[in-house]
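Q: Mind looking over this structure? Questions follow.
The values are calculated or read from the model by the stated rules, or taken from the named source; none is laboratory data. All values derive from a computational prediction rather than experimental measurement. As a convention, Cβ positions derive from the backbone with ideal geometry for all residues, glycine included, and neighbour counts pool all protein chains shown.
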Amino acid sequence: MEFNRNLSQVAPSLTLVLAAKVKELKKQGVDIVGFTVGEPDFPTPSYIKSAGIGAIENNFTRYTEGIGIPELRQAVVDKLKRDHGVSYNTSNIAVSNGAKHSISNVLFALLNPGDEVVIPTPYWLSYPAMVLLCSGQPVYVPTTRDNGYKVTAADLEAKITEKTKVVFLNSPNNPTGSVYSKEELKSLVSVIKKTGVWVIADEIYEKLIYGEEKFTSLSEFSEIKDQVILVNGVSKAYAMTGWRIGYIAAREDLIKAVNKIQSQFTSSPCSISQKAAIAALQEEGEEVKAMRKAFAQRRKLALSLFARIPGLEVYPSEGAFYLFPQCNAYYGKSFNGKKIENSLDLAEYFLNECHVAVVPGSVFGCDENFRISYAISEEEIEKGLLRLQEGLAKLV
């Protein structure tokens, strides 16, 4: 008996595979610096934990409404109005078990076999896998370091056909950290409106912005509001990755479709986590601000250390907590007779010879780069990047 044929087109998430490998090596006593996981290393802020504990103590531990309790959906509505000036109703909101689950629900609701989904590269590695598992066909739009790893209107329009159902837009971007300005978004909005496609606006890193550019949500463009599926959650900004709460804001008919899917697949999101998420969305406490400040300092440190390593070109990311060095200048070089041909070879060399774990760029659709997450301590950042510098110097 065979499994679903779509499974043959995807592999397990390499970031999770590498994270597990790092943990195992550390258990064995190996001093590994892990730059792999996109997860804040801070504890969940105390006021959020208190809300979760309160939910348990008040026995709020049963099934809830399938797409989230009304209080949480209202907290999302209030947040979107407060942060972006956009008006939604609770009937436009669906809460799920994380932003990844939100995207999966949307793709499952929208895609029929053969429908195309346009994905700018570099992309978060799960986008193509989720599209394929939902019987869609990924179509890629390359971007480059020269244009800040951001897709242009002309390049986007050139990839949209009568088969196109959905376009992905991720800002701030994983893995590059690039952020679209309001003017850049305007140019894309004209294409989205003209073509009538849906657009999944993945804005999970919106609170992690470094610099003077204010974050602009795609939901702010009223002319395409009915085409925008805004995806967000509490994992990154509030150090709540394990609480598993994400949400979408979209047209009411899509929310009803998502509700139908989620009611059959997972029932409701975790009741306790929903209460904690309300606290997160209603108040940006001092711990959250301190965490963002620490990420900004770590970014600055990492960029300064990368500047000392010849042959690596690093785009100065404006958001998230990633850097995406271009490393292909080292391809063709060798260590102990083994040649470095691609980003996977280089990542294996870093892990085996330098005891540093990075994610090869090939899984993000860009084999000329690798990704690091600076959501680790400054001490680990310094140690890890010094090891990379020493390791790269040994390649001949």
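Q: Go through region 363-386 residue by residue and tally those that are surrounded by 18 or more Cβ atoms within 10 Å (Cβ to Cβ) and not in a loop (DSSP other than H, G, I, E, B).
A: Final tally of qualifying residues: 10.
Q: Taking the condition of being part of a loop (DSSP other than H, G, I, E, B) and not hydroxyl-bearing (Ser, Thr, Tyr), how many residues in region 205-223 meet it?
A: Of all residues in region 205-223, those part of a loop (DSSP other than H, G, I, E, B) come to 205-208, 210-217, 221.
Restricting the remaining residues to those that are not hydroxyl-bearing (Ser, Thr, Tyr) gives 206-208, 211-215, 221.
Selection size over region 205-223: 9.
Q: Of (1) touching a residue at least 12 places away in the same chain (Cβ under 8 Å); (2) assigned by TED's automatic domain parsing to the domain that holds Leu254; (3) surrounded by 12 or more Cβ atoms within 10 Å (Cβ to Cβ), Ser13 satisfies all except one. Which?
A: (2)
Q: Quick one: is Phe350 modelled with pLDDT of 95 or more, surrounded by fewer than 19 Cβ atoms within 10 Å (Cβ to Cβ), of a type in the set (A, V, I, L, M, F, W, C) and not assigned by TED's automatic domain parsing to the domain that holds Glu206?
A: On the way: modelled with pLDDT of 95 or more: yes; surrounded by fewer than 19 Cβ atoms within 10 Å (Cβ to Cβ): no; of a type in the set (A, V, I, L, M, F, W, C): yes; not assigned by TED's automatic domain parsing to the domain that holds Glu206: yes.
Criteria not met by Phe350.
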